[in-house]
Structures are given as C-alpha cells and as structure tokens.
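Below: the structure, in structure tokens.
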C-alpha cells in the first residue's frame, strides 16, 4: 500500500478534502460535547521543528492526545539534524519509531525529501512555499460560516486575500480552487503568489483573480483574509515592505466595501500593520474560530492518513 502524505493541499482530491472536513466537524462536535474520540490509540506522531511555533505545536500535540496517541517534539537542536545528519537518514530512522511525522521546515524541498525516504505519512506543518494544514482549518472555518455540514456549503462563496502572496496565501489559493471558492488576491506589485501556483489553480478549474487594488478585491465578498507582511526570515526587509504595503491594511475603512464579510487571519498578527486591532477584536472577526479549527482539522487529517 502506498504511503499517503500531505505536502500541499492539492495532494488531496476534492472528495478527499470533503471527507477530511466532514471528519473534522465530527471531531469538533465530539470535543465540545465531551465525547471521547480516541481513534489512534497507542500511535505516535514525531514533530520536527526547524521554525518556532505556537498553534502548530500545541494543536498537533493536543490533537494526538485527544485521539488517544502521543506526540514527540523534535527541535532542530534536539536531534541529529542540528548536527548535519542528512534528512533522508532522519526520515528512514523515524519511520522505524513513529507512525507519522509532522515537519515544520524552511525549504519546501526538505519536506519532499522526508516524504521520499519515509515509510510513514509525512505532514507539512509549514514550509516557505506552503501551509496546507492552515488551509484545512481555513476551509473548515468558512464552511461553518456558510452553512456547516453540507457538501454545497462553498457554493457561491467568494473570498479575498489582501497582503503578501506568501506560503499561506498560496496554499489557500489552491484550497479555494479545490473547494470551489471564488478568490481574488490583492498584493502590491512584486509580492503576488507564484506563477506556478496560479497554474495549479487553473488546472483545478479554480476561479482566481489577481489585482493590486485591495478595494477591488474585497468588494461584496464573503470572506476577507490577511496575514503578516513580514514573515520569519524577512526581518531585514521590514522598512521596504512597510512602505510597499501601505494601503493594504485590513481595517474598518476597507471593510466598508465588504459589508457582509467575515475576517480571517492565520495568526500571529502584527496588529496595526496588516490588520487593525479594532477589526481583529470586532464582531466580524472569526480569527479565533479559525485558530481552534487547526486542532480539529489536523485530528481529521491524522486519522485519515493513518486509518
């Protein structure tokens, strides 16, 4: 049997995505009702972290506990990766110890090497190019907002991404195409999503529009989504980016053009930069529902990969 991995969101088919979202909804209901859902008893998730994390680490570790399993934190300086061990050796060794591996790394090719040499499922917890687990949570959140447990919950839904065309934006664009969400991406010139991602969206039959005008992007949309302008490793670009992203803040003025839109952010947020404090704390914000849904979506993913 071929080992299943999740390196980017389009490793899933549309029907597989639907299956995982339905399972996530069941897990969320079970947790909120205090019902046990220990579907992975005795199984272990290895968690490799080259980048720091709050939501990714806690949600995966908690998720495995709730599923009846166990998670092992493996920081880059805690294992032999930090001393130069080849990734392929780490992958083959961990495959003898654990049932799945989640890795949060810098280069996307590193997650691909882990998957190539692993005999257990590899989950991309974030790379510089993609963040598929965030996209699962995003789609679960939009589904809840637009009708809940229904395969047609995404019908007629439109979303806008405002800000940097980063790894989160790229995975969300592909995920939106899989789900059938019309997406408009507004970025400053030179900060758009990769052409290769645009092509993948087109191959999936997605409806993607790109613009440099945030007002055009958000007009009458159902969801407005943003993320930080300065990601990890880009700190030396701060002054240039702050100038180039002027006018792209998600704030009350921008949302006047999207009077019915919910607002999303993958966190952590730089309040006062890409999003105003008033918006993130406002009644249209679903940011913390989105954060919670990392837990439920990842439990669903792990149980699906390991069933």
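The values are calculated or read from the model by the stated rules, or taken from the named source; none is laboratory data. The shown structure was predicted, so the numbers you read here are calculated from the model rather than taken from an experiment. For neighbour counting, all protein chains shown are included, and Cβ atoms are generated from backbone atoms with ideal geometry for every residue, glycine included.
Structure values in brief
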{"item": "Tally, over the stretch 88-106, of residues that are more than 23 Å from residue 43 (Cβ to Cβ) and either at pLDDT 95 or above or in contact with a helix residue (DSSP H, G or I) (Cβ under 6 Å, 6 or more places away or on another chain) (or both)", "result": "1"}
{"item": "Qualifying residue in the stretch 56-73 (condition: surrounded by fewer than 19 Cβ atoms within 10 Å (Cβ to Cβ) and closer than 21 Å to residue 233 by Cα)", "result": "yes"}
{"item": "Any hit, the stretch 90-108, residues being under 27 Å from residue 144 (Cα atoms) and either surrounded by fewer than 17 Cβ atoms within 10 Å (Cβ to Cβ) or out of contact with any strand residue (DSSP E or B) (no Cβ under 6 Å at 6 or more places or on another chain) (or both)", "result": "no"}
{"item": "Unmet criterion (only one of (1) over 24 Å from residue 63 (Cβ atoms); (2) surrounded by 13 or more Cβ atoms within 10 Å (Cβ to Cβ)) for residue 111", "result": "(1)"}
{"item": "Which numbered condition residue 234 misses (of (1) out of contact with any helix residue (DSSP H, G or I) (no Cβ under 8 Å at 6 or more places or on another chain); (2) surrounded by fewer than 16 Cβ atoms within 10 Å (Cβ to Cβ))", "result": "(1)"}
{"item": "Tally, over the stretch 220-242, of residues that are under 15 Å from residue 273 (Cα atoms), in a loop (DSSP other than H, G, I, E, B) and at pLDDT 95 or above", "result": "3"}
{"item": "Filtered residue count, the stretch 182-197, keeping only those that are touching a residue at least 40 places away in the same chain (Cβ under 8 Å), touching a strand residue (DSSP E or B) at 6+ places or on another chain (Cβ under 9 Å) and not in a strand (DSSP E or B)", "result": "1"}
{"item": "Residues of the stretch 143-165 classified as crowded, with 23+ Cβ neighbours inside 10 Å, farther than 19 Å from residue 257 by Cα and out of contact with any helix residue (DSSP H, G or I) (no Cβ under 7 Å at 6 or more places or on another chain), total", "result": "1"}
{"item": "Flag if residue 217 is part of a helix (DSSP H, G or I) and assigned by TED's automatic domain parsing to the domain that holds residue 146", "result": "yes"}
{"item": "Selection count, the stretch 1-27, where residues are in contact with a strand residue (DSSP E or B) (Cβ under 8 Å, 6 or more places away or on another chain) and crowded, with 22+ Cβ neighbours inside 10 Å", "result": "3"}
{"item": "Test: residue in the stretch 65-73 that is over 12 Å from residue 47 (Cα atoms), touching a residue at least 12 places away in the same chain (Cβ under 8 Å), in contact with a strand residue (DSSP E or B) (Cβ under 7 Å, 6 or more places away or on another chain) and not assigned by TED's automatic domain parsing to the domain that holds residue 46", "result": "no"}
{"item": "Criterion violated by residue 205 - all others in (1) under 30 Å from residue 19 (Cα atoms); (2) modelled with pLDDT of 95 or more; (3) surrounded by 14 or more Cβ atoms within 10 Å (Cβ to Cβ) satisfied", "result": "(3)"}
{"item": "Condition check for residue 173: surrounded by 24 or more Cβ atoms within 10 Å (Cβ to Cβ), over 17 Å from residue 132 (Cα atoms), in the same structural domain as residue 228 (by TED's automatic domain parsing) and touching a residue at least 12 places away in the same chain (Cβ under 8 Å)", "result": "no"}
